[in-house]
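Following: one structure in structure tokens, then a few remarks.
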Amino acid sequence: MTIETTTPSSTGRPSPKPRSVALTAMWPASVGLGVRNVRNIRRLPSAFLPSLLMPIIQAVAFSGTFFAITMIPGFPTDRSINWFLPLGVLMGCGFAGIGVGFTTVRDIESGFYDRLRMTPVPRLALIMGPTLGALARALVVTTTVFLVGLIIGARLTDGVLGLVTLYIAGFGVAALGTFWGLALAYRFRDMRGAAIMQLTFFLALFLTDAQTPLSVMEGWLHAVARVNPFTNILRLARQGFLGDVTWDNTWGGLVAIAAISSLTLWFAVASLNRLRD
Amino acid sequence: MTATFAPTTSTELQPSLPAQTWQMSKRAIIALARQPALIVPSLVFPLFFLALGSSSFARAINIPGFPEVDSYLDFGVAGAIMQGVLFGSVTGATALATDIENGFFDRLIASPVARPSIIVGRLAGAMAFGAAQTAFFLVILLPFGMNLEGGVIGGLVLVVSGTLIALAVGALMSVMALRTGSSEAVQGAFPLLFILLFFSSAFFPRETMSGIYKDLAGYNPVSYIIEGMRDLVIEGLSAWAVVRAVLIPAALSVFTVWLAMRSLNKRIARG
């Protein structure tokens, strides 16, 4: 029998650590939940469309309204859309992630989440599944905003590498947005959490060099933006539109994404474990 | 024993139209005051954006085409007021849509209340909030260095302007509430207001824009209202500033209130 050939007595090798059913099901369960999340785009487009349309409107409106900021001495580009397109992408990707938090609140309120927790799905899959869905949404958002940006005049300054860093930053923000959204959904269990998800993300993204570079801004915002890790993520996203892609402009963003994602993931897992019947 | 109840005529007990409207207005204002979570964002976010702009665009005031101002704060006040009033006006219309959703509106229609007071009451609530928002922004920003060249009278004109903008936009949003009967649909108008605001001279002067953006801002009435309000702040009181800050929203109000009344009659006729 096959099972006998794998036992320690027959092979003489050390006994392999038994794999739990839950551990085996981790990946398929995550993919299943991710697919459900993506299908919700078709079932409930009104929940996804704002996260797609708002970054487009924002990138177009900001680049038009603030067209003249490129005339400020020291501004790193002569195309305002090059400056605002990555901001729009990160905004859209963040809200794609936070949208998962909204969906989870709805699932908790409708009782679907209780039924989900009663199934033998591993706990981590409840977080990783929606994260996969959010990454798929972020892919759509980043690609769409980039294409619209190209039409209205955005140009990559270091070829495809600049696009790669834009996608990395977008996926990173989508992931940390998902973890944050899920953690608050588990804590609050109702739509009160939704307002906090949006507000905190909005503050984190705008208390940076979102509108003008650090070298141009003055006053209190300069002090805040300099230490806000989201400034590094924006730098990572923007570098391919402002000049060459360099390691100096890359590592800070990667570290910020890794650190914030780790913290928010830990917060999400701890909040999920606290979720009681 | 037979008891007979003499029917009272409705005209004996029915309050006058102004009294009904006042009661409906009071209800709208109290409802707003009881839900700070609904009104705080439209007070805080414009100030937050203005604070961001004052820091981010401090050097932008030297760009050719910018009017002569001491700081971006002075330039941005009018945009902040417009932003706050635009977004605040959605709140009243959302409440009207919620009334329709939960059946309160139907009960109002079934009662002998005068039809105009339903809309006028709501709009009076929106106007009171618009006036309070404008006064709040001015009072908060003065200690932060805002220089109001128009003085006290200029400030009062700004409050009147904020009130009329709230009326015009509140009536427009009420049309949406009456036609759809859905609070979600009214909230969905947010991107429309965002576009109205950002494709105007709310944050940067039209003179610094180019191409299609400049054209769109030129066609957008919001630009002219904001420029009138801005002149009251950075240049002082003038007839031309008052005309743009007050008469344009007043004219828009006449049109949007007419639209709202028409939508109300259509909804009642539909049953």
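The values are calculated or read from the model by the stated rules, or taken from the named source; none is laboratory data. Predicted model, so just to flag it, every value in this text is computed and none were measured. All Cβ positions, glycine included, derive from the backbone under ideal geometry; neighbour counts span all protein chains shown.
Listed here are the residues, each with its yes/no results for (1) within 25 Å of A:VAL35 (Cα to Cα); (2) touching a residue at least 60 places away in the same chain (Cβ under 8 Å); (3) among the basic types (Lys, Arg); (4) surrounded by fewer than 18 Cβ atoms within 10 Å (Cβ to Cβ).
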residue: A:ASN82; (1), (2), (3), (4): no, yes, no, no
residue: A:LEU90; (1), (2), (3), (4): yes, yes, no, no
residue: A:CYS93; (1), (2), (3), (4): yes, yes, no, no
residue: A:THR104; (1), (2), (3), (4): yes, yes, no, no
residue: A:GLY111; (1), (2), (3), (4): yes, no, no, yes
residue: A:ALA125; (1), (2), (3), (4): yes, yes, no, no
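Conditions first: (1) more than 25 Å from A:PHE267 (Cα to Cα); (2) of a type outside the set (Asp, Glu); (3) facing chain B (nearest Cβ under 9 Å); (4) surrounded by 22 or more Cβ atoms within 10 Å (Cβ to Cβ). A:ALA225 passes all but one, so which condition is the exception? It is condition (1) that A:ALA225 fails. Residues of region B:87-103 include at least one that is within 30 Å of B:GLU184 (Cα to Cα), surrounded by fewer than 16 Cβ atoms within 10 Å (Cβ to Cβ) and not acidic (Asp, Glu).
The residue list B:LEU142, B:LEU164, B:LEU108 contains one member that is touching a helix residue (DSSP H, G or I) at 6+ places or on another chain (Cβ under 7 Å) and closer than 18 Å to B:ASP231 by Cα, which is B:LEU164.
Among the residues making up region A:147-171, those that are within 10 Å of the chain's Cα centre (by Cα) and crowded, with 24+ Cβ neighbours inside 10 Å are A:ALA169, A:GLY170. Please tell me if A:ILE127 is at pLDDT 85 or above, away from chain B (no Cβ under 12 Å) and touching a Lys or Arg at 6+ places or on another chain (Cβ under 7 Å). When the stated conditions are applied, A:ILE127 does not pass them.
Of all residues in region A:244-270, those satisfying the criterion of being of a type in the set (A, V, I, L, M, F, W, C) and either buried (at least 21 other Cβ atoms within 10 Å of the Cβ) or over 20 Å from A:ARG226 (Cα atoms) (or both) are A:VAL245, A:ALA256, A:ILE257, A:ILE260, A:LEU263, A:LEU265, A:TRP266, A:PHE267, A:ALA268, A:VAL269, A:ALA270. Checking the stated criteria, B:ILE268 turns out to be farther than 18 Å from B:GLY170 by Cβ, part of a helix (DSSP H, G or I) and out of contact with any Phe, Trp or Tyr (no Cβ under 9 Å at 6 or more places or on another chain). Taking the numbered list (1) surrounded by 20 or more Cβ atoms within 10 Å (Cβ to Cβ); (2) within 14 Å of chain B (Cβ to nearest Cβ); (3) modelled with pLDDT of 80 or more in turn, A:SER30 passes all entries but (2).
Note on region A:33-51: residues that are surrounded by fewer than 19 Cβ atoms within 10 Å (Cβ to Cβ) and either among the small types (Gly, Ala, Ser) or within 11 Å of chain B (Cβ to nearest Cβ) (or both) amount to 4. I'd like to know if region B:81-88 contains one or more residues that are among the small types (Gly, Ala, Ser) and within 14 Å of chain A (Cβ to nearest Cβ). No, there is no match, as no residue in region B:81-88 is among the small types (Gly, Ala, Ser) and within 14 Å of chain A (Cβ to nearest Cβ). Working carefully through the options B:ALA260, B:ALA245, B:ALA217, B:ALA251, find the one that is within 14 Å of chain A (Cβ to nearest Cβ), at pLDDT 90 or above and part of a helix (DSSP H, G or I). Testing whether each residue is within 14 Å of chain A (Cβ to nearest Cβ), at pLDDT 90 or above and part of a helix (DSSP H, G or I) leaves just B:ALA217. Within region A:52-79, can you find the residues that are buried (at least 23 other Cβ atoms within 10 Å of the Cβ) and more than 7 Å from every other protein chain (Cβ to nearest Cβ)? The answer is A:PRO55, A:ALA59, A:VAL60, A:SER63. Does B:ALA80 qualify as being buried (at least 17 other Cβ atoms within 10 Å of the Cβ) and of a type in the set (Gly, Ala, Ser)? So B:ALA80 fits the description; yes. Annotation: of all residues in region A:178-222 being over 20 Å from the mean Cα position of the chain (by Cα) and outside any loop (DSSP other than H, G, I, E, B), the one that is farthest from the other protein chains (Cβ to nearest Cβ) is A:PHE188. Among the residues making up region B:143-201, a single one is closer than 29 Å to B:GLU101 by Cβ, without any contact (Cβ under 8 Å) to a residue 60 or more places away in the chain and more than 14 Å from chain A (Cβ to nearest Cβ): B:THR163. Candidates in region B:7-47 are the residues that are crowded, with 16+ Cβ neighbours inside 10 Å and within 14 Å of chain A (Cβ to nearest Cβ); of these, the one that is modelled with the lowest pLDDT is B:LEU38. Of the helices (runs of 4 or more DSSP H) that lie entirely inside region A:59-177, those containing 3 or more residues that are of a type in the set (Ser, Thr, Tyr) and in contact with a helix residue (DSSP H, G or I) (Cβ under 8 Å, 6 or more places away or on another chain) span A:80-110, A:123-151.
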